[in-house]
């Protein structure tokens, strides 16, 4: 099974179109990106309702609904070293569905601040015995 490949750019996610066809990917790239940054920026992850992610509309099992708490925190918290742990924990919760669904056996998240108002998320996912790493450099958008 493949998904449209979403990749990160300086102004959020993007897709490639080659000869009129969207580039596809068979890995976890798109699922990881959507889990962390694909939700509603105003959704703090605590409830569904009108702020919930559009992809949850048809989901009947609340345990399978996805949130992007990581994305929300990057607008709600200031870029400080103390808030890195909160972002790491949120990213872990945003990605935990992969373990619950059996798509991964282990997920590790590390966050750093590589520059002013920047967040670097380094994610290691073990899936089917194979280790995959993902790195996201995201703008920290909280107003100070």
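The values are calculated or read from the model by the stated rules, or taken from the named source; none is laboratory data. Not measured: the values here are computed from a predicted model. Virtual Cβ from ideal backbone geometry, glycine too; neighbours counted across all protein chains shown.
The table that follows gives values for the structure above.
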{"quantity": "Complete set of residues in the range 81-95 that are free of Cβ contacts under 8 Å to residues at least 40 places away in the same chain and either part of a strand (DSSP E or B) or buried (at least 17 other Cβ atoms within 10 Å of the Cβ) (or both)", "calculated": "83, 84, 87, 88"}
{"quantity": "Selected residue (only one of 20, 27, 55 is under 20 Å from residue 125 (Cα atoms), more than 11 Å from the chain's Cα centre (by Cα), modelled with pLDDT of 70 or more and surrounded by fewer than 17 Cβ atoms within 10 Å (Cβ to Cβ))", "calculated": "27"}
{"quantity": "Members of the range 122-143 that are at pLDDT 95 or above and under 17 Å from residue 68 (Cα atoms)", "calculated": "122, 123"}
{"quantity": "Condition broken by residue 78, with the remaining ones in (1) loosely packed, with under 14 Cβ neighbours inside 10 Å; (2) in contact (Cβ under 8 Å) with a residue 24 or more places away in the chain; (3) in a helix (DSSP H, G or I) satisfied", "calculated": "(3)"}
{"quantity": "Test: residue 62 is over 16 Å from residue 29 (Cα atoms), surrounded by fewer than 15 Cβ atoms within 10 Å (Cβ to Cβ) and either at pLDDT 90 or above or within 15 Å of the chain's Cα centre (by Cα) (or both)", "calculated": "no"}
{"quantity": "Lone unmet requirement of (1) surrounded by 14 or more Cβ atoms within 10 Å (Cβ to Cβ); (2) at pLDDT 85 or above; (3) under 17 Å from residue 139 (Cβ atoms) for residue 115", "calculated": "(1)"}
{"quantity": "Matching strands (runs of 3 or more DSSP E) fully within the range 96-144 where at least 1 residues are in contact (Cβ under 8 Å) with a residue 60 or more places away in the chain and over 22 Å from residue 86 (Cβ atoms)", "calculated": "118-127, 130-139"}
